[in-house]
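K.L.:
What follows is a single structure, and I will ask about it in a moment.
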C-alpha cells in the first residue's frame, strides 16, 4: 500500500499530473523572470522531492539538471555494501557553470551547504547565483558570489 502524502509541498508532486504541472509551471515562470536578471545554466537538487521537482522544472525551463547525491550514511547501502551511486554529483557540467539550488529546505538548513560544497569540489569554477525554495510558497534568495 502506498503512503498517502499529506505534506503540502509533497502533495503538489504526488496529487496528480494536473496539479503537479501547474506547480512546475509556476516555478518555471519564476525561473524565467530570475534568469533574465541573473543568467544561469543549471539547477541543482538533492533528495526525492528535489529530483521529482528538479527534473520536471529543468525540462520545462530548458535548464541542465545537477543531482547531488546524499552520502551512504544517509541513503543506506545496497545489498552488495556499496552506495546507490559512486558519484556524489551527477549531471553535465556545461560551461559557464552558473547554477541555482532548487529545494524545499525542510531539513536543518545544511542542504544548501552540502549541495554547494559538493559542486565546488567537483568544479571549482561553478558559481551559485541563487537559491529557490518551494516550501510554503516561492521564495528567492540571491546569494553572495563565492
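Nothing in this text is a laboratory measurement; each read-out follows from the coordinates by a stated rule. Quick caveat, the model's predicted, so the values are computed rather than measured. Cβ placement follows ideal geometry from the backbone for every residue including glycine, while neighbour counts extend to all protein chains displayed.
K.L.:
How would 122, 25, 18 line up from fewest to most surrounding beta-carbon atoms within 10 angstrom?
P.N.:
Starting with the residue having the fewest Cβ neighbours, the order is 18, 25, 122.
K.L.:
Here's something else I'd like to know. Please order 103, 117 by the number of other Cβ within 10 Å, starting at the fewest.
P.N.:
If I rank by nearby Cβ atoms, fewest first, I get 117, 103.
K.L.:
Sorted from fewest to most neighbouring beta carbons within 10 Å, what does the list 65, 31, 102 look like?
P.N.:
Fewest to most other Cβ atoms nearby, the residues stand as 65, 31, 102.
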